[in-house]
Amino acid sequence: MSSARSKSFQILPGFGLSLGYTLTYLSLIVLIPLAALFLRTSELSWAQFLKIATSDRAIASYRVTFGCAFIAAVINAVMGTLLAWVIVRYRFPGRKILDGLIDFPFALPTAVAGLTLANLFATTGWLGQWLDLVGIQVAYTQSGIVVALIFIGIPFVVRSLQPVLEDIELEVEEAAASLGASRFMTFTRVIFPTLLPAILTGFSLAFARAIGEYGSVIFIAPKRAEITPMLIWYRLEEFDYPGAMAIAVVMLVISFFLLITVNLLERWASRFQR
Amino acid sequence: MAGTTQKRWTSGQAKSRRGTEDPWYIRWILIGVAALFAGVFLILPLANVFGQAFAKGWQTAFGSLTDPDTIAATKLTALATLISVPLNTVFGVAAAWLIAKFEFRGKAVLTTLIDLPFSVSPVVTGLVYVLLFGLRGYFGPWLDRHDIQIIFAVPGIVLATIFVTFPFVARELIPLMQAQGSDQEQAALTLGATGWQTFWHVTLPSIKWGLLYGVILCTARAVGEFGAVSVVSGHITGITDTLPLRIEKLDKEYNSVAAFSIAALLAVLALLTLGLKTWLEHRQQRELDLAQTSSDSPDEH
């Protein structure tokens, strides 16, 4: 493949045009606007920046955002693995529908997700009324945020895992079994280590998406606990630009870091896929 | 059905499955848990959208969709989608051509940068455009003097939508075009075709399903974007409300039926998207398989 591509380097036209166009469009839409955020934030002194970024309210919002995103991503990692396993390995009625439905959260606008989940889990809702009987409140509590983030994140884990699961060679499992391993041992010692990179990739993708999520969360979040994107939004409404910028930079830096982590994980995972 | 341990879970393989098969009770428990999860997190929320929309009858639901402000929101959503999707499609094709067909320095960095909008929180996206074009932003005073409004107006909404849907087409096309290689294009060029002819008659037909797939994902996101658009919109009823923003407003006004009616409309759109997506995945898989059997290294992805 690489030899074919380096050959084409001399022959195929359009390098200059596509490079110029790609870089111009990327700069105009993404890079320059993001650079503006960093530039504006750099007008703050380091002390000012730290004061805003570590204010009590900001810290509280990080705690809610990262806490809920982490819990949701862990649940998604477990349930996503289970779903992918069931979809790839078992044959049962409705399997195709289940497989198709996994992408539903990708296709559904987040506002619709937030609206219906809040209604579903409210004390008058289809599910909420039963949970209320046993004293569990979901909508307008932090559990509500977690529920929304589970919904948003579940496709990431399943879709990261599916191709890997489909590629696993059954011979390896057969070998493990013929050497006397129980099914449980085969799973924990043979299958799980192969899946781990993909699970971690899916986990990171779901976590990264959950941290930035806004649309679905604001419908179901309680008044008292705010997520960081909500805090940025309030600061903007108060025309407190420095307040909004500093916190946005913190979020952006964390997002970049996660993006790099995901890239490294994917590279690591692709080594296991052969 | 998967009731006994002797039953195989794949067809076409004649080997013993005993060592690779879970006991029936494990299977039933796992399928049960999966079904329960899908029921609570996927099916019930979907059913609830329609249940609430039609809670006061069909007429009320459809009637609320013909509200002038909701129609205005529909038009704005359509406009933002119709501008952002074609722009990002052209970009996606150009970027995929660049990354799949050429070797150059910084390619890995460029690929990562294209993915960047995926990892930026929508609210941060909105904020970034406010900092550029808002009244107190970099270009704010200049824009104000020339009477151009971007933030709290339609251009801002379009810009935010473009940013959020930026990577979708490129992301679909890059792996597809990489797998296809460039042998066919080279053949066309050797036979005397010009660059554009090669692109229109050789490259485009072989990526059309993948392209359509990217366009569909891009459209779904453009229609549904909430956070970024919410920040730059200003929420002027009838003027800068998109459909998702209209849902939020109606929900805040305790107009549940109207909010859920729009939600139902968007949910139908999402289901259509899913159907199209599944169909295209089929076609695209064939495209990829064809590419891989004709190329000498099938491991590229």
Quiz item: Given A:ALA206, A:ALA210, A:ALA198, which one is farther than 30 Å from B:GLY126 by Cα and crowded, with 24+ Cβ neighbours inside 10 Å?
Solution: A:ALA198
Quiz item: Among the residues of the stretch B:71-82, is any modelled with pLDDT under 95 and under 26 Å from the mean Cα position of the chain (by Cα)?
Solution: no
Exercise. Take the residues in the stretch A:197-228 that are within 11 Å of A:GLY153 (Cβ to Cβ) and among the aromatic types (Phe, Trp, Tyr), then tell me which one is nearest to the other protein chains (Cβ to nearest Cβ).
Key: A:PHE207
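If I filter the stretch A:184-196 for residues that are in contact with a Cys (Cβ under 8 Å, 6 or more places away or on another chain) and either assigned to a helix (DSSP H, G or I) or facing chain B (nearest Cβ under 10 Å) (or both), do I get at least one hit? Give the derivation first.
Just the residues of the stretch A:184-196 that are in contact with a Cys (Cβ under 8 Å, 6 or more places away or on another chain), to begin with: none.
Looking for residues that are in contact with a Cys (Cβ under 8 Å, 6 or more places away or on another chain) and either assigned to a helix (DSSP H, G or I) or facing chain B (nearest Cβ under 10 Å) (or both), one finds none in the stretch A:184-196, hence no.
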Quiz item: Limited to the stretch B:258-294, what total is found for residues that are in contact with a helix residue (DSSP H, G or I) (Cβ under 7 Å, 6 or more places away or on another chain) and more than 17 Å from A:ILE102 (Cβ to Cβ)?
Solution: 16
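Of these, A:ALA73, A:ALA118, A:ALA77, A:ALA84, which one is under 26 Å from B:ALA53 (Cα atoms), out of contact with any His (no Cβ under 9 Å at 6 or more places or on another chain), more than 7 Å from chain B (Cβ to nearest Cβ) and modelled with pLDDT of 95 or more? If you could, list the steps in order and put the result at the bottom.
On the way: A:ALA73 fails: under 26 Å from B:ALA53 (Cα atoms); A:ALA77 fails: under 26 Å from B:ALA53 (Cα atoms); A:ALA84 fails: under 26 Å from B:ALA53 (Cα atoms).
The conditions single out A:ALA118.
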Self-check item: Given (1) of a type in the set (A, V, I, L, M); (2) within 24 Å of B:ALA187 (Cβ to Cβ); (3) surrounded by 16 or more Cβ atoms within 10 Å (Cβ to Cβ); (4) over 21 Å from the mean Cα position of the chain (by Cα), index of the condition B:ALA258 fails
Solution: (2)
Self-check item: Residues within the stretch A:113-147 that are of a type outside the set (A, V, I, L, M), crowded, with 24+ Cβ neighbours inside 10 Å and outside any helix (DSSP H, G or I), tallied
Solution: 0
Practice problem: Identify the single condition in (1) β-branched (Val, Ile, Thr); (2) over 18 Å from the mean Cα position of the chain (by Cα); (3) more than 16 Å from B:VAL49 (Cβ to Cβ); (4) surrounded by 24 or more Cβ atoms within 10 Å (Cβ to Cβ) that A:ILE150 does not satisfy, given that it satisfies every other one. | Solution: (2)
Quiz item: B:PRO141: modelled with pLDDT of 95 or more and either over 29 Å from A:GLY202 (Cα atoms) or within 17 Å of the chain's Cα centre (by Cα) (or both), yes or no?
Solution: no
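The values are calculated or read from the model by the stated rules, or taken from the named source; none is laboratory data. Everything quoted here is computed from the prediction, not taken from an experiment. Note: ideal-geometry Cβ built from the backbone for every residue, glycine included; neighbour counts use all protein chains shown.
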